[in-house]
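To start, the structure under review is shown below, and the notes come after it.
The values are calculated or read from the model by the stated rules, or taken from the named source; none is laboratory data. Predicted, not measured: the structure shown is a model, and the values here were computed from it. We place every Cβ from the backbone using ideal geometry, glycine too, and count neighbours over all the protein chains shown. Surface accessibility is based on the protein's heavy atoms, side chains included, excluding ligands, DNA and RNA. Shrake-Rupley method; radii C 1.70, N 1.55, O 1.52, S 1.80 Å.
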Amino acid sequence: MLVGFALVGISTYVGWQLTHPKRKSVDESPETYGLDEQVVHFNSLDGGVRLDGWFFRSNAANRQEPLTVIMSHGYAGTRLEKGLPALALAKSIVAAGYHVLMFDFRNSGQSEGRLTTVGYLEKQDVLGAIRWVQTHIGGKISLLGFSMGGTTSLLAAADEPSVRGVITDSAFSQLHPYLQDNLPVWSKLPRLPFTPLILTILPNLIGINPRRVDALAAVDRIYPRPILFIHSQSDNAIPWSNSEAMWRKHPDVFELWITEQGLHVGSYQKQPEAYTERVLAFLSKL
């Protein structure tokens, strides 16, 4: 009996910690990369959370119908997505003639919120960013997301037909099966008995359903709009088979770039020029 209570207690504690990760600071300035930012604030589409971000205007953008790229970061990170770093990629995108919006998800960086749901509520944050661009900038919109941000971008694009295309880097396809297979990577606990315990307790604990974070189903609603999936074969956190499974739904329109170097969200760092060329080539077709 005592052992059972202890296992449930540990599972509850770890589940709570995973959905309430420690915030990281936004401790780099765009000026370091030669970027001139506009600080922006907007609400998630559900109206419950105020989000903080930067907008970078491109002087080379098409004035009649500019394209804005909305970048979304990974779990427990910030808009900086330091593994890339995202500001370096943003600089190249702006120089190529596209506006960029970077922001912190709820419970991240400088945004409000106290709960991280790995895509379930974060979809509302991306939809809020889309609404801000539609209201203040106009023109076309593309989404670019990393890890959790990639999955969340797919969920948002499925609900928002005005999104012209999506680029994902190291995204997972379905949250519940992913956690069943890979939760020990994040929990640092043995698979048995903790993974099934956490997955049983967590939905009731925070009121979310991981099964509804389903990008594999979402891509059917994005099609025939294009998606570029980027993933490293060496990804130690989210297997590249996640991106391959989504690409296989509609390979006539979707693109898949499997890199051979770099760990999780590590392809840009290993091949910045090739990565940037792929991204810009995709954007040029939108």
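Enter the mean projected area of the convex hull around the alpha-carbon atoms of the chain, in nm², rounded to one decimal.
Seen from a random direction, the Cα hull of the chain projects 14.1 nm² on average.
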Residue by residue through the range 39-55, the couplings from Karplus 6.51 cos²θ - 1.76 cosθ + 1.60 with θ = phi - 60°, in Hz, x for Gly and Pro, are 6, 10, 9, 7, 9, 4, 4, 6, x, x, 9, 8, 10, 10, x, 10, 10
First compute the accessible area of the range 172-285 with a 1.4 Å probe, then give the percent of it belonging to carbon and sulfur atoms.
51 percent
From the square roots a ≥ b ≥ c of the eigenvalues of the alpha-carbon gyration tensor of the range 163-286, which class results: rounded (a/c under 1.5), prolate (a/b over b/c), or oblate?
oblate
Over 30 Å between C-alpha atoms is what I'm after, so list which of Lys91/Lys140; Lys140/Lys188; Lys22/Lys249 land there.
Lys140/Lys188; Lys22/Lys249
Whole-number percent relative contact order across the range 142-286, with pairs defined as alpha carbons under 8 Å at least 6 apart:
25 percent
Averaged per residue, what accessible area in Å² does the range 41-166 show with a 1.4 Å probe, protein chains only?
32 Å²
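Based on Cβ point charges of +1 for Lys and Arg and -1 for Asp and Glu, what charge dipole magnitude is obtained for the chain about its Cα centre, in debye rounded to the nearest 20?
400 debye
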Could you derive backbone 3J(HN,Hα) for the range 165-170 from the dihedral phi with the Karplus parameters 6.51, -1.76 and 1.60 (θ = phi - 60°), listing whole Hz in sequence and x where the residue is Gly or Pro?
x, 9, 10, 10, 10, 6
Share of carbon and sulfur in the accessible heavy-atom surface of the range 90-165 [1.4 Å probe, %]:
43 percent
Packing rank of 38-45, 141-148, where each peptide gets the mean count of other beta carbons within 10 Å, highest leading:
141-148, 38-45
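Leaving out ligands and nucleic acids, and using a 1.4 Å probe, what accessible area per residue does the range 209-286 come to in Å²? Mind dumping the intermediate values first?
Working: 3840 Å² over 78 residues.
Normalised by residue count, the accessible surface of the range 209-286 is 49 Å².
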Given a 1.4 Å probe and every protein chain left where it sits, what share in percent of the accessible area of the range 1-56 is carbon and sulfur?
59 percent
Skipping prolines and chain starts, which residues have an amide H placed within reach, meaning under 5 Å, of the one on Tyr75, given they are 5 or more residues away or on another chain?
Met148, Gly149
